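*Asks:* Below is the structure I would like to discuss, written out as structure tokens.
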Amino acid sequence: MSKQKLKLGIIGAGGIFKYVHGPAWAQHPEVEFTAVCDVNRERAEEAAKQYNIPHVYTDYRDLLAHDEIDIVDICTPNLYHSPYTVAALEAGKHVLCEKPDAVSPEEAVKMAETAERTGKTLIVMRNNRFSAAARYMKKFIEQGHMGEIYTGRCGWLRRRGIPGKGGWFTTKELSGGGPLIDLGVHFIDLAVWLMGNPRPVSVVGATYTKFADTDISDSEHSQFGEKQDQGTFDVEDLATGFIRFDNGASLQIEFSWASNVEEEVTFYELRGTKAGANFRNGQLKLITEVEGKMWNVNPELHTHHVGDHANNINHFVDVVQGRTQPIFTPQQGVEMIKILSAIYESARTGREVRL
């Protein structure tokens, strides 16, 4: 694009915008806040005041009708990701959407098809791909140091970290599910991306709801969402599963909002024929053989002051401005939602689901 400043419209001014997206956008020298929309006008006006945003709306269609807007950031509850993305693309806007891509494979397909038809950029947030450890691992793997990656496991386990209990996070109609769709997107995506994006062919899964009555919280991440007393809780609080891919590789998964574990942990492990990788709570360790002995190697990774979400947003701007190719494709989003949907189906039926 030829413009020096991209005009930005925000749809959804809740927690993820307030704590993550807003500060990241404010750092970018090529972006100008132009409009904000939220069904809660007070929340939209609060964002407008903080970032000096001139136009405030409560209907997303009014924002999309704003001709000056070049790019749109969608930070709404999950149910609206697909319809708002499709509408924004059809209105001629480039779109960055918060994860998950959609609440069903059919909705994810609509997003991908619309992006292709309109020729507009669509990137769904994959911030973990932009961490220092992930970037290092991607290069390490692409250079052949891992050999064949044939299996792995990943997860995000919280002891007590239910977000917005009783609100949209715990209401299946709005969220699509619990920690599997909320947290699973992050580390399933990261593991599959590092494995070279093999195509999933089957899954087995199980889900549990055991802590819907708890009021204990020891996770900073539970700040997201708006808690509602006597609200709905019809999603899982723990999900496990096993994914097979077309190249014979496999991946074990486990995600919880609440579980009796020692500590909150984010992790992935990858097993290769030349080396293994163990990532746990931000620390990366490589396991390999040297001269007939096993070695554990701890790479010294220097993180940047810019957070992973901001790096993802910076990448989106680079793509829109024509400086680079996208690290994420909408079809990868379709495959992700197929995996999550199939795990929920397997949990419901007790059977393996073919994709």
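The values are calculated or read from the model by the stated rules, or taken from the named source; none is laboratory data. Worth saying up front: this structure is predicted, and the values here are computed from it rather than measured. Glycine gets a Cβ as well: all are built from the backbone with ideal geometry, and neighbour counts include every protein chain shown. To get the accessible areas, we keep the full protein, side chains included, count just its heavy atoms, and leave off ligands, DNA and RNA. Shrake-Rupley method; radii C 1.70, N 1.55, O 1.52, S 1.80 Å.
*Asks:* Compute the signed sum of charges (Lys and Arg +1, Asp and Glu -1) over the other residues within less than 15 Å, Cβ to Cβ, of Gly161.
*Replies:* -4
*Asks:* Ok, one more. By how many degrees, 0 to 90 and rounded to 10, does the Cα axis of helix 132-142 deviate from the longest principal axis of the chain?
*Replies:* Relative to the chain, helix 132-142 is tipped by roughly 60 degrees.
*Asks:* Below 8 Å, C-alpha to C-alpha, sequence gap of six or more: please give me the relative contact order for the chain in percent.
*Replies:* 20 percent.
*Asks:* Quick one: net charge around Asp218, please, counting Lys, Arg +1 and Asp, Glu -1 for every other residue with C-beta under 15 Å from its C-beta.
*Replies:* Neighbourhood net charge equals -2.
*Asks:* Let me ask something else. Could you provide, to the nearest whole Å², the per residue accessible area of region 246-317 with probe 1.4 Å?
*Replies:* Here the per-residue accessible area is 57 Å².
*Asks:* Ranking request for peptides 74-86, 282-294: highest mean number of other beta-carbon atoms within 10 Å first, then the rest in descending order.
*Replies:* 74-86, 282-294
*Asks:* Strictly greater than 30 Å: what percent of every Cα pair in the chain meets that?
*Replies:* Counting pairs separated by more than 30 Å, the tail of P(r) holds 37 percent.
*Asks:* Here's a follow-up. I'd like the distance between the alpha-carbon centres of region 173-241 and region 1-71, rounded to an integer number of Å.
*Replies:* Comparing the Cα centres of region 173-241 and region 1-71, I get a distance of 28 Å.
*Asks:* Mind putting together the pair-distance distribution for region 102-142? All Cα pairs, 5 Å bins, whole percent per bin, short to long.
*Replies:* 5, 19, 17, 15, 13, 17, 13, 0
*Asks:* Let me ask you something else. By how many degrees, 0 to 90 and rounded to 10, does the Cα axis of helix 308-320 deviate from the longest principal axis of the chain?
*Replies:* The helix 308-320 is inclined about 60 degrees to the chain.
*Asks:* Can you tell me which of 312-322, 124-134 comes out highest on packing, and rank the rest after it, using the mean Cβ neighbours within 10 Å?
*Replies:* Packing proxy ranking, top to bottom: 124-134, 312-322.
*Asks:* Now for a separate question. Would you mind getting the Kirkwood hydrodynamic radius of region 1-106 from its Cα pairs, rounded to one decimal in Å?
*Replies:* Roughly 13.6 Å, rounded to one decimal.
*Asks:* Residues with amide H under 5 Å of Asn247's amide H, sequence separation 5 or more or different chain, H placed in the peptide plane at 1.01 Å from N; which?
*Replies:* Under 5 Å from the amide H of Asn247 lie the amide H atoms of Arg199, each far enough along the sequence or on another chain.
*Asks:* Check Tyr57: other-chain or 5+ apart residues with amide H under 5 Å from its amide H, H built from backbone geometry?
*Replies:* Amide H to amide H, under 5 Å and 5 or more residues apart or across chains, Tyr57 pairs with Val36, Cys37, Asp38.
*Asks:* Where both partners of a DSSP beta bridge lie in the chain, what percent of those bridges are antiparallel, to the nearest 5?
*Replies:* DSSP beta bridges in the chain are roughly 60 percent antiparallel.
*Asks:* Let me know the shape class of region 137-244, please: from the alpha-carbon gyration tensor, a ≥ b ≥ c as square roots of the eigenvalues, rounded when a/c is under 1.5, otherwise prolate if a/b is greater than b/c, or oblate.
*Replies:* Because a/c hits 1.5 or more and a/b exceeds b/c, region 137-244 counts as prolate.
*Asks:* Then there's this: Counting only pairs 8 or more places apart or on different chains, how many lysine pairs in region 1-116 have C-alpha atoms closer than 20 Å?
*Replies:* Count of close lysine pairs: 9.
*Asks:* Sticking with this one: Pick from Gly196, Gly155, Gly164: which residue has the top mean-square fluctuation in a GNM of the chain where Cα pairs under 10 Å get a spring?
*Replies:* Highest fluctuation among the options: Gly196.
*Asks:* Among residues other than Met125 whose Cβ falls under 11 Å from its Cβ, what is the net charge (Lys/Arg +1, Asp/Glu -1)?
*Replies:* Counting the neighbours of Met125, the net charge comes to -2.
*Asks:* Same structure again: List every residue whose amide H lies under 5 Å from the amide H of Val72, counting only residues 5 or more places away in sequence or on a different chain, with H placed 1.01 Å from N in the peptide plane.
*Replies:* Gly9, His94, Val95, Leu96
*Asks:* Also, quick follow-up: Report, in degrees rounded to the nearest 10, the 0 to 90 angle that the Cα long axis of helix 81-90 makes with the longest principal axis of the chain.
*Replies:* Tilt of helix 81-90: around 60 degrees.
*Asks:* What are the ³J(HN,Hα) couplings of region 259-265, residue after residue, when phi is run through the Karplus curve with 6.51, -1.76, 1.60 and θ = phi - 60°? Round to Hz, x for glycine and proline.
*Replies:* For region 259-265, the Karplus curve yields 6, 7, 10, 5, 7, 5, 9 Hz.
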